[in-house]
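Below: one structure, written as structure tokens.
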Amino acid sequence: MPATLYYTATSCGAANYISAHRAGILGTKLNAYQANIYTKTVASGPNAGSDFLKVNPKGNVPAILLEDGTLLNENAATLQWIVDNAVTKVGPANGTNARYVLQSKLSYCSSEVHGSYGPLFKPDLADDVRKWALEKLATKLKFLNDVELADGRKFWVGGEFSVADAYLYIVLSWSGYLKIDLTPYPKVKAYFDGIAGLDYIKAAHAQIAKETPAA
Ligand SMILES: N[C@@H](CCC(=O)N[C@@H](CS)C(=O)NCC(=O)O)C(=O)O
């Protein structure tokens with residue numbers, strides 16, 4: 001029995017789908033189904049329409065239900081499960097220094113970058129709170145631009161595509177929905193455009209689109 005990933009097409013959960021797609025484990029080691037994070041229902045697959053909170057009491061994505069019934073949440077953990085189960089490499093081997101670096105990037109992406117975009121999705125955010133949230137996000141984008149991606153690297157860690165790229169790419173993609181201009185951060189913009197242009201990223205999006213139930 002494969003494990004089961006629950007995700008949505010555009011949320012951070014999609015970083016897990018993209019990673020698993022690149023890792024070559026979808027349909028073998030991992031089945032992927034969509035969840036509706038607003039109605040808290042399973043949205044695709046054999047249990048479509050059922051209560052997602054019974055699968056994942058947090059009601060969020062990503063969630064990976066392992067074969068033995070263990071529930072994994074949090075991108076930093078779910079994405080590393082994908083690294084460890086990959087057929088095509090999507091991150092450094094467990095126990096290496098490079099792996100600890102990957103872990104630190106995933107945590108930074110989750111708590112700092114993802115965490116800074118999150119509040120901006122609230123449509124009725126008070127103007128002063130929105131200003132504060134935008135200023136906070138700007139410090140993260142500046143750090144990515146001036147430090148993490150300053151050398152014009154194509155991939156965030158290790159010189160090749162990893163789950164950290166899938167996660168950062170999806171989080172940065174929210175700039176489009178939120179009308180956040182990335183041009184003041186040219187290294188970030190070039191990095192994002194580079195990841196978006198990869199054949200396997202386009203292929204993963206095409207597959208997600210096929211698997212997304214009609215609204
Ligand atoms: N702390 C979690 C955050 C996961 C998260 O924010 N998921 C969002 C989508 S990007 C979600 O499912 N939100 C719906 C909800 O929390 O009810 C992580 O790092 O993975």
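The values are calculated or read from the model by the stated rules, or taken from the named source; none is laboratory data. This one's a predicted model, so the numbers in the text were calculated from it and none came from an experiment. Neighbour counts are summed over all protein chains in view; Cβ atoms, including those assigned to glycine, are modelled from backbone coordinates with ideal geometry. Ligands, DNA and RNA are excluded from the accessible area calculation, which covers all protein heavy atoms including side chains. Shrake-Rupley method; radii C 1.70, N 1.55, O 1.52, S 1.80 Å.
Considering only protein heavy atoms and a probe of 1.4 Å, how much of the accessible area of the chain is carbon and sulfur, as a whole percent?
The computed percentage sits at 57.
List the trypsin sites (Lys or Arg not before Pro) in region 112-215 that DSSP assigns to loop (not H, G, I, E or B) and whose Cβ has at most 16 other Cβ atoms within 10 Å. Which are they?
Those that pass, being in a loop and sparsely packed, are 153, 154, 179.
Students often forget the sequence filter, so: which lysines lie under 16 Å Cα-Cα from residue 131 once same-chain residues fewer than 8 apart are removed?
Answer for residue 131, where 16 Å is the Cα cut-off: 122, 140, 179, listed by chain and number.
Once ligands and nucleic acids are excluded and a 1.4 Å probe is used, how much of residue 112 is accessible, expressed in Å² to the nearest 10?
Roll a 1.4 Å probe over it and residue 112 shows about 60 Å².
Would you mind getting the accessible area per residue of the chain, heavy atoms of the protein chains only, 1.4 Å probe, in Å²?
Solvent-accessible surface per residue comes out at 48 Å².
Once you have the Cα-Cα distance between residue 101 and residue 39, take 0.36 nm times their residue separation minus that, and quote the gain in nm to one decimal.
Using 0.36 nm per residue and subtracting the Cα-Cα distance, I get 18.7 nm.
Cross-link partners among lysines for residue 210, C-alpha distance below 16 Å, same-chain residues fewer than 8 apart left out?
Output for residue 210: 202.
In the calculated pair distance distribution of region 73-215, what percentage of Cα-Cα distances lie above 22 Å?
Tail of P(r) above 22 Å: 43 percent of Cα pairs.
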